[in-house]
Structures are given as C-alpha cells and as structure tokens.
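Worksheet: the structure to be examined is printed underneath.
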Amino acid sequence: MAGKAPKLLIIEDEPDMALGLRDNFEFEGYTVSTASDGEQGLRKALDEQPDVILLDLMLPRKSGLEVCRELRSRGVATPIVMLTARSQEADIVAGLETGADDYVTKPFRIGELSARVKAQLRRAAQDEDAGEYEFGRMRLDFRHCRAWRGGAAIELSMKEFEILRYFVRRRGEVVTRDELLERVWDMPNYPLTRTVDNHIAKLRQKIEDEPASPRWIVTVHRAGYKFLG
Ligand code: CA
C-alpha cells in the first residue's frame, strides 16, 4: 500500500477476534486501534479520526447500530464496515440504513474482509479527489464552487469555499485565526483577526441550522475554530 499507512479502528468486544483482526491488518500495513465496547469505540472514532472503521454489531454499552447512527448524525463520513452474525439479517439492513457502507457476516474469510476494507478506502479517496464533500445536510463541490443545503443550491463566496476547503482538510483539529488569515487570506500579518470572525459568522448563517449554537464550525475558546463536519 503506497503512501501513509491508513488508520483502521476496530470496534469489537470479542478479544480473540479483535486480536486476530489487529494482527492481520497491522501485517497488511495499517495503523490499528481497537475498542472493546460501543462507547469507547465512538470516542475513539471521534478522537482518532480513522480512515476506516470495522464495527461489530453486538457490543456492550452501545450497539454497533447506535455507534453508526451517532457518527453519521455528527457528520462523520468515515467508511464503516459492519461485522455481523448470519442470524442478524434484519440488523444488517438496519445497519446499512443507519449509514454503514458495507458488511461482512461472521464467520468470514479474512481475505474477503480485507478486500472490502480496501474498496472502502479507495472509494473514500476518490470522493476526496473528486472535490466533493458532504456533512449533515450540506454538500460541497469544490471543483465547481457549488453548494447545496438539504438538496437546495445555496450561494457561497469564493472566500467561504476556501475557508471550508481548509476546514475540511483540517477537520477535527483546532484552526487558529492567524492560520486562516495566512492560508485563506494569504496575509499572515493582517492585524484584524476580526475579519475571520465576521466571515465565520456569515458562513454559519449559510450552513448551520442554528447559527447561534453551531454544530459544524465550533469556536474553541482562546484558540480559534474547529470544523466537525
Ligand atoms: Ca460482539
């Protein structure tokens, strides 16, 4: 696998299964992290921002379905491959409805799982190359500078596209006002960081359901902003 090692998060409560999967994927060149219950899995998925997630369906503390639903409702688009038992057909359908991308039924051949994980990574990489990005009800087409909210086209300025493009690249990380001035405005010594705040406020009006209590572009006290899409 070329380039940086892809990050895989395995959320699986059965220790032998988790260990076996970890060994296999580490051998294949992934950086692997594991979680043994749904709550820990959700936390790690949010904190560590893996490139792909293997999610067991039956988990203590929070089921795989709940984890999946919660991630998607927070706008996390990371590919999710569900691990299910053959007796859980109904849950498989539910899983796909909550936003899982694929599933394998236990017992599975590791080669099959590995191929499916790779396919998800390829698809995610293509989405990124295509310059399209989705979060919540928003869809962005960076290449053609078009945006939609809940399916309806909305107007964003070039600056707003640039801000969002930078946020997407740094999603989940704290971005300072100075950094935005330097990267988006190309003026590192521009004295008025207030400019940034004004633009963010306008952008929130366009992309947030409740601009006063934003969900996608949050303010990090004394630091800057964080994009959670
Ligand atoms: Ca389980």
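No lab work stands behind these numbers, since they all come straight from the coordinates. Treat the numbers as computed from the prediction; the structure is a model and nothing was measured. With ideal geometry, Cβ positions are generated from the backbone for all residues, glycine too; neighbour counts draw on all protein chains shown.
Look at the alpha carbon pairs under 8 Å that are at least 6 residues apart: their mean separation over the length of the chain gives a relative contact order of 13 percent. Out of every Cα-Cα pair that segment 1-86 contains, those further apart than 14 angstrom amount to 59 percent. Think of each Lys and Arg Cβ as +1 and each Asp and Glu Cβ as -1; about the Cα centre, that makes the dipole of segment 78-229 roughly 160 debye.
The H on the amide N of Ala85, modeled in the peptide plane, is under 5 Å from the matching H of Lys106, each at least 5 residues off or on a different chain. Using alpha carbons only, how many degrees (0 to 90, rounded to 10) separate the axis of helix 38-48 from the longest principal axis of the chain? Between the helix axis and the principal axis of the chain, the angle is about 40 degrees.
One Cα centroid belongs to segment 93-171, the other to segment 61-83; the line between them spans 14 Å. Across segment 74-86, computed HN-Hα scalar couplings (Karplus, 6.51 cos²θ - 1.76 cosθ + 1.60, θ = phi - 60°) run 8, x, 6, 9, 3, x, 10, 10, 8, 10, 10, 8, 4 Hz from first to last residue, x flagging Gly and Pro. Positive end of the dipole of the chain (Cβ unit charges, origin at the Cα centre): among Gly224, Trp185, Ile11, the Cα lying farthest that way belongs to Trp185.
When each of Arg43, Arg170, Arg116 is scored by the number of other beta-carbon atoms lying within 10 Å, the sequence from fewest to most is Arg43, Arg170, Arg116.
The lysines whose alpha-carbon is closer than 17 Å to the alpha-carbon of Lys7, local same-chain residues fewer than 8 away aside, are Lys44, Lys118.
Structure remark: mean-square fluctuation, Gaussian network model of the chain, C-alpha springs under 10 Å; the largest value among Leu59, Leu180, Leu192 belongs to Leu192. Listing Thr34, Thr219 from fewest to most neighbouring C-beta atoms within 10 Å gives Thr219, Thr34. Taken about its Cα centre, segment 1-156 carries a charge dipole of about 400 debye when Lys and Arg each add +1 at the Cβ and Asp and Glu each add -1 at the Cβ. In a fully extended conformation the segment linking Met58 and Arg143 would gain 26.5 nm over its present Cα-Cα distance, using 0.36 nm per residue. Where only DSSP H runs of four or more residues are counted, the chain gives -12500 deg cm²/dmol as its mean residue ellipticity at 222 nm, each run worth -39500 (n - 2.57). Relative to the longest principal axis of the Cα atoms of the chain, the long axis of helix 110-129 lies at roughly 10 degrees.
Between 0 and 90 degrees, the angle of helix 158-169 with respect to the longest Cα principal axis of the chain falls at about 30 degrees.
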